[in-house]
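One structure is given below, encoded as structure tokens.
The values are calculated or read from the model by the stated rules, or taken from the named source; none is laboratory data. No experiment lies behind these values; they were computed from the predicted model shown. Neighbour counts run over all protein chains shown; Cβ positions are idealised from the backbone, glycine included. Surface areas here come from the heavy atoms of the whole protein model, side chains and all, with no ligands, DNA or RNA. Shrake-Rupley method; radii C 1.70, N 1.55, O 1.52, S 1.80 Å.
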Amino acid sequence: MLIYTPRDLGASIRERRKALGLDQVELARQIGASRRWLIQVENGKAGASFGLLLRTLNALGMQLD
């Protein structure tokens, strides 16, 4: 999936999380974030912490090219 917008990134994270069978609470705990933060990211909210985004991608086995 090509990512052009925060909404694209959020959709990609949500899709991968669900494919791995993780709920939002589990993933948020794993990356050290709140469920609210994860909900905002999955909904495409701009301005999310880049460090947390990278930890999220790493936890899901995703990478940026």
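List of remarks:
- Placing +1 on the Cβ of every Lys and Arg and -1 on the Cβ of every Asp and Glu, with no other charges, gives the chain a dipole of roughly 200 debye about its Cα centre.
- Volume of the Cα convex hull of the chain, divided per residue and given in Å³: 75
- Full extension of the segment from D23 to I3, taken as 0.36 nm per residue of separation minus the current Cα-Cα distance, would add 5.0 nm.
- Looking at the chain, the accessible area is 67 square angstrom per residue; that uses a 1.4 Å probe and ignores ligands, DNA and RNA.
- Apportionment of accessible area to carbon and sulfur, the chain, percent (1.4 Å): 51
- Each of L20, S49, Y4 was scored by the projection of its Cα onto the charge dipole of the chain, and the greatest displacement toward the positive side belongs to S49; charges sit on the C-beta of Lys, Arg, Asp and Glu.
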